[in-house]
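**Student:** This structure is in structure tokens; I'll ask about it shortly.
Bear in mind these aren't lab numbers, they're just calculated from the coordinates by the rules spelled out. Predicted model only: the values in this text are computed from it and were never measured. Note: ideal-geometry Cβ built from the backbone for every residue, glycine included; neighbour counts use all protein chains shown.
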Amino acid sequence: MPTLTGQALRLHPDRLLPAAPELRSIARRLYDEVRNLPILSPHGHVEARLLVEDQPFPDPTTLLVTPDHYVTRLLHASGVSLDRLGVGQGPLSPDAAREGWRLLCENWSAYRGTPVKYWLESALVEVFGLDLRPGPDTADELFDAIADRLAHPAFRPRALFDRFRIDVLATTDDPADDLAAHAALRDDPTFRGRVVPTFRPDRYLEAGRADWARDVLHLGAVAGVDTGCYAGWVAAMEDRRTHFRRHGGVSTDHSHEDVGTEPLGTVEAERIYRAALAGTVTQDEATALRRHMLLEMARMATEDGLTMTLHPGVRRGHHRPTGARFGPDTGHDLPLPGAFTDALRPLLDRYGTHPNLTLVLFTLDEAVFSRELAPLAGFYPSVYVGAPWWFLDAPDAIRRWRSAVSETAGLSRTSGFIDDTRAICSIPARHDMARRLDAGYLAGLVAEHRLDEDEAAEAVVDLVRGRPTEVFGL
Amino acid sequence: MPTLTGQALRLHPDRLLPAAPELRSIARRLYDEVRNLPILSPHGHVEARLLVEDQPFPDPTTLLVTPDHYVTRLLHASGVSLDRLGVGQGPLSPDAAREGWRLLCENWSAYRGTPVKYWLESALVEVFGLDLRPGPDTADELFDAIADRLAHPAFRPRALFDRFRIDVLATTDDPADDLAAHAALRDDPTFRGRVVPTFRPDRYLEAGRADWARDVLHLGAVAGVDTGCYAGWVAAMEDRRTHFRRHGGVSTDHSHEDVGTEPLGTVEAERIYRAALAGTVTQDEATALRRHMLLEMARMATEDGLTMTLHPGVRRGHHRPTGARFGPDTGHDLPLPGAFTDALRPLLDRYGTHPNLTLVLFTLDEAVFSRELAPLAGFYPSVYVGAPWWFLDAPDAIRRWRSAVSETAGLSRTSGFIDDTRAICSIPARHDMARRLDAGYLAGLVAEHRLDEDEAAEAVVDLVRGRPTEVFGL
Amino acid sequence: MPTLTGQALRLHPDRLLPAAPELRSIARRLYDEVRNLPILSPHGHVEARLLVEDQPFPDPTTLLVTPDHYVTRLLHASGVSLDRLGVGQGPLSPDAAREGWRLLCENWSAYRGTPVKYWLESALVEVFGLDLRPGPDTADELFDAIADRLAHPAFRPRALFDRFRIDVLATTDDPADDLAAHAALRDDPTFRGRVVPTFRPDRYLEAGRADWARDVLHLGAVAGVDTGCYAGWVAAMEDRRTHFRRHGGVSTDHSHEDVGTEPLGTVEAERIYRAALAGTVTQDEATALRRHMLLEMARMATEDGLTMTLHPGVRRGHHRPTGARFGPDTGHDLPLPGAFTDALRPLLDRYGTHPNLTLVLFTLDEAVFSRELAPLAGFYPSVYVGAPWWFLDAPDAIRRWRSAVSETAGLSRTSGFIDDTRAICSIPARHDMARRLDAGYLAGLVAEHRLDEDEAAEAVVDLVRGRPTEVFGL
């Protein structure tokens, strides 16, 4: 598709609200209740170091294109190789940065219908104050204008953080991380935001991985625990969770192929653990050990109160040649069918009604919205349905999710919006999008007389402020 | 979420009709065609004994909360333990009843977005003539007002049955039941409704159950057949089906984990049956025997004409501690993935075009609506798509179902609405909800010029009266 | 359901456009951009011979009912046996033709809510100029009127082809076909359309089929290659692909139970191939060989550039008695769950970024729209999401598809509309339906300010002309 250029770029005040006038007027009023609330971002991938260092972003492409697989994957699908976008190559030269930006603008039509277009347009207009539609004719002008702004202090990370009105920002961190960046921010009197780490132990649970033995030994060293035996592995996890909690952590995150939680006997766990250290574990054994440890993580959660979020069902690095050349998170992680009901049964039998457990379930398989997630969250007091994630963090998908989940689980058993992004400039647009869509969804209930408007007004505020506060204990 | 109180509770005359004026006006006219038609309820869980005894309901909580897992599960998810609601405890004391009602009102916001809110509000306004929104401040006033009404003869079961204009009500019954209650109603000249039993033999088909051997011996005793051998088991089923048919039964209902119907050879069936009686059956054998018997049930249906309804794909009693303490049907039966195409092939190969078979397929897995149910019902003259069931008996889900099913199976291959409820006061609201949604769906087809309005007017009446009459042979 | 008759049949100019006035006005303008564009039909089942022979269609039933399983299956579901419709019986007698037509008209209400009704109504009005609604009272009048028109030269196949403004029509052909009909059309100076063959080798890949050995030997004879060994089998395929390409072919089509593409070693492939020729192959071996050959087909596609379309996941001939009596394609092919992510991984690892590969993925399982198809097409430059197929080629399903696919894959990673029909008179209505729905979908994006109207106007033309041209290299 060619790209139309020379058009002004504008954000309509009613964007994403329902088009029908009867609904739009209600939706506007509901949106007004929440449009200016501060942002709570309890799960995401912006790094704390960015705010500690507070350096200017080097160029538009490094900020908005190269590291964001939401952006690069559609360029790749359009025939642009990832190396022309600077993926996996370290700092971009000025020419490479301009070239990457041009490729984005030339392929602007590839984003039609996607939320990536919406987020990038929002960033151009609201973050950078630009009103030019990207296209081959405007690429250089946009590049130069953004580059110009990035040189100003008002566009450094901390300034953006303040301007975006972010109250809480969660990062995602390796259990072996010392969290020095988080401590620095906490101890810095000139920084007033709350930046909390998230304990993400996936790699230490996958005993079939090539580097697993090395990694758990390193984790043991960090924790001051001998991870040469199963009990040490568990103790190291407990130690690092405590470290995270002391640095403000509120949750742990887990993303494996499935959410199996079948326990092993202690002897069997020890046997498999040692086989894994010796490099003789089978894939089935490694999977069994991981499922056992996921159950252990839930047990730890009942003890330390960290919210447990599950993001299962992804085939990581689907295209092996791209993974080998460009590394992880390069746009070809692909969803698998979801299954929660039986997989989580051992965990929920043990801890599902424990007052200290909070479990948030995310999926990329829409079939489980109404079939499994909502029924689970509609019974277990520990379970919440996570907001639409990744490919599903998009207007129509969010509507389908609300529609599929609310009738069984109500509004209060959902997590609140999660941006899950590494693209800092997209954070306000993502949260604003969710607020507009929730306002529109609730307006529909009001217009059909399924909810009174005062109830909807209370609910929309609860979705934006109440849910994340409760679910993540903020 | 807190609850807003002090607001009036009103039912808008256009509730659940499409919000857009172009559609709403058509939908109103279509709804007018069916709003006053009597209720046909060919599948549900109200007990015949209730109408035989015709005793006053003891209190609001016992009527509207405790026995209804649609209501209790969301309170449980909100942190209210089931014993505070009186689940599984026999008659409630006056204090316990009031306390249970207060918990409902205090957690009223948990139902936002759910049909449970809609049904309860409808009951309050239309059954009890109350206009107060439930909340902590109105709990006692509502409780007292309902209790007051329940003491009047106009709120006894038979009076409600008449007032709700129920023409046919199906109960769900154990094959060993003597159906004396049904006979009593039939023979009572002062009762004019038609209350028909439904043959639900699940427990006698699950040969892996702990009490199975005891149960089939009891069934044999009731049937006057020796169930010590496989042939007796089959004969006892045939005998009891005849008993049900003679007491007005129109259908059998089957709810197993799957709908497999692979036949066994007679020798193998006999061998497994005897192993099951001896307590030495494996789970795989028990499953094979159940699938074989489900096929036999279809064979019997071709002989006696009872409509066969399938409600598969539920993990019953997911949370074992709750099941052990509070019993079955306490809110944690959870859906599993559905699969019909291959599972039903043995049955449909044999009987799918038999003129005497009627098979109604229900699911909790929306993925099979368009993938399997509609294509099956769009070819086999014996197959109908069952109305949205349980978690899916809700406005948006019903719309998704109509949208997913109609384009492949048309309107005439669906079952008509099924309320499937044990909450008698929700029956009129459930049927009215379905009528409003069908009117809205058809209005959409008319507004998009996919159907003329005279066709839609005929269709909406057919959905309410024609479908259940044909599908259940009423 | 009875059928209303005596009503006029009219096609509203705004049919299928959104009902809300705000959207409809935008949709009208977008539809105007494409309503008169010529038809590109890169995949379907009309036969080239029909245009070569250019004989009058014998009667309305033979043209519109008997061969079209979209039409006959719902009559069958309504209790009309296929033999009363002349299925599988050769030429119809005049009485049988009239009788078949009457059955259609008497059961007209069975099609309410389906696109079959829409297509047939469009054909009656637009192809035949009739304005009578089908019903028992109008059956004979309609039959006679259509029969009358069919006798005129203006209703012969070539005249319809011209009148429908078909620029490209793809047929579906056996690899052993000499394609003489295609050559005749190409060499006929009086015929100006482009009719291209499609290479459909399914039967030669299913080594477990009863006639497989005979078929591959025949294929070898046609190709002039000894297919007595594995290498000959591959060479015969390559030869016939070349033959198709020389006769204008642009694509190959593959419809197996799954899309597994796991390679075999050469020795193992040879071993299984010889076992299959000897009739000693197991079903698992046959499946492994088919998956291996599907991967080989992708390799050939990278060499000859033929677009590869996959239509998996159908249980063919579900009702064996009907299959035995009436043959294939008689309305009881039924969908199975879809799975692409892992199944296609071997193929995509090898060829997913090959510049010469184009792979179009179709499904009957809506759950994979957003879960697998869109994510695959949103990364791999070779992959496109196929238009909704078969049961899903219907207004609501098309809307669900656009909604599920666009947010992840954009608009440009879709195939363009595919009619996939053997009913020539439905071709214009099917394409027109798709254009109206795309206009409506894009109007929704415009009305919600997710796309500017000039972008939408460009996009709608691209969907109708650009996508099929690019995807099928027209």
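**Student:** What is the magnitude of the charge dipole of segment A:56-155 about its Cα centre, with +1 placed on the Cβ of each Lys and Arg, -1 on the Cβ of each Asp and Glu, and no other charges, expressed in debye to the nearest 20?
**Tutor:** On the way: 8 positive and 14 negative charges, 75 e Å.
Charge dipole, segment A:56-155, about its Cα centre: 360 debye, nearest 20.
**Student:** Something else: Please give the charge dipole size of the protein assembly as shown, origin at the Cα centre, charges +1 on K and R Cβ atoms and -1 on D and E Cβ atoms. Round to the nearest 20 debye.
**Tutor:** 380
**Student:** Another one. Which chain A residue puts its Cβ closest to the axis that rotates A onto B, and at what distance in whole Å?
**Tutor:** A:367, 2
**Student:** Among A:403, A:36, A:219, which residue has its Cα positioned farthest towards the positive end of the charge dipole of the protein assembly as shown, with +1 placed on the Cβ of Lys and Arg, -1 on the Cβ of Asp and Glu, and the dipole taken about the Cα centre?
**Tutor:** Toward the positive end, the furthest listed residue is A:36.
**Student:** Under the Karplus relation 6.51 cos²θ - 1.76 cosθ + 1.60, θ = phi - 60°, what is the ordered set of whole-Hz ³J(HN,Hα) values for segment A:346-352, x standing for Gly and Pro?
**Tutor:** Values, residue by residue: x, 5, 6, 4, 7, 10, x Hz.
**Student:** Over all directions, what mean area does the Cα convex hull of the protein assembly as shown project, stated in square nanometres? Numbers along the way, then the final one.
**Tutor:** Values: hull surface 207.7 nm².
Taking a quarter of the hull surface, the average projection is 51.9 nm².
**Student:** So how do A:148, C:462, B:438, C:215 line up by other beta-carbon neighbours within 10 Å, fewest first?
**Tutor:** A:148, C:215, C:462, B:438
**Student:** Please compute, for peptide B:462-470, the average count of beta-carbon atoms on other protein chains lying within 10 Å of each residue's beta-carbon.
**Tutor:** 1
**Student:** Let me ask something else about it. Given the C-alpha atoms of segment C:161-471, compute the convex hull and give its volume per residue in Å³.
**Tutor:** 142
**Student:** Helix C:266-277 versus the longest principal axis of chain C: what is the Cα-based angle in degrees, 0 to 90, to the nearest 10?
**Tutor:** For helix C:266-277, the angle is close to 60 degrees.
**Student:** With runs of 4+ DSSP H residues as the only contributors, calculate the mean residue ellipticity of chain C at 222 nm using -39,500 (n - 2.57) per run, divided by the residue total and rounded to the nearest 500.
**Tutor:** -13500 deg cm²/dmol
**Student:** Counting partner chain Cβ atoms within 10 Å of every residue's Cβ in A:379-386, what's the average?
**Tutor:** Counting Cβ atoms of other protein chains within 10 Å of each residue's Cβ and averaging gives 4.
**Student:** Report, in whole Å, the centroid distance computed from the Cα atoms of segment A:186-212 and segment B:22-101.
**Tutor:** Cα centroid to Cα centroid, the span is 48 Å.
**Student:** What average number of partner chain Cβ atoms lie no more than 10 Å from the Cβ of the residues making up C:392-399?
**Tutor:** What the average comes to for C:392-399 is 5.
**Student:** Any idea what the dipole of segment B:157-471 comes to, in debye rounded to 20, about its Cα centre with Lys/Arg Cβ at +1 and Asp/Glu Cβ at -1?
**Tutor:** Value, rounded to 20: 560 debye.
**Student:** Can you give the angle from 0 to 90° between the axis of helix A:21-34 and the longest principal axis of chain A, with both taken from C-alpha atoms, to the nearest 10?
**Tutor:** Approximately 60 degrees, to the nearest ten.
**Student:** Further question: Using amide H atoms built 1.01 Å from N in the peptide plane, name the residues 5+ places from residue C:360, or on other chains, whose amide H lies under 5 Å from its own.
**Tutor:** C:308, C:309, C:310, C:384
**Student:** Now, a different point. As an exercise, take the mean of 1/r over every pair of distinct alpha carbons in segment B:57-155, invert it, and state the Kirkwood radius in angstroms. Before the final figure, lay out each step's value.
**Tutor:** Values: mean 1/r = 0.0748 Å⁻¹.
Evaluated on segment B:57-155, it is 13.4 Å.
**Student:** Roughly what angle does helix C:395-409 make with the longest principal axis of chain C, taking Cα atoms, 0 to 90 degrees, to the nearest 10?
**Tutor:** 50
**Student:** To continue, here is another question. Rounded if a/c is under 1.5, else prolate if a/b beats b/c, else oblate: with a ≥ b ≥ c from the C-alpha gyration tensor eigenvalues square-rooted, which is segment A:261-375?
**Tutor:** On the way: a/c = 2.01, a/b = 1.12, b/c = 1.80.
Because a/c hits 1.5 or more and a/b fails to exceed b/c, segment A:261-375 counts as oblate.
**Student:** Please report the relative contact order for chain A, taking Cα pairs under 8 Å with a sequence separation of at least 6, and give it as a percent rounded to a whole number.
**Tutor:** The value is 20 percent.
**Student:** For segment A:196-338, compute Rg over Rh where Rg is the Cα radius of gyration and Rh is the Kirkwood radius from the inverse mean 1/r over Cα pairs. Walk me through the intermediate numbers first.
**Tutor:** Working: Rg = 15.2 Å, Rh = 15.8 Å.
Across segment A:196-338, the Cα-based Rg/Rh ratio is 0.96.
**Student:** So who's got an amide H within less than 5 Å of the one on residue B:166, skipping anything under 5 residues away but keeping other chains? H placed 1.01 Å off N, in plane.
**Tutor:** B:39
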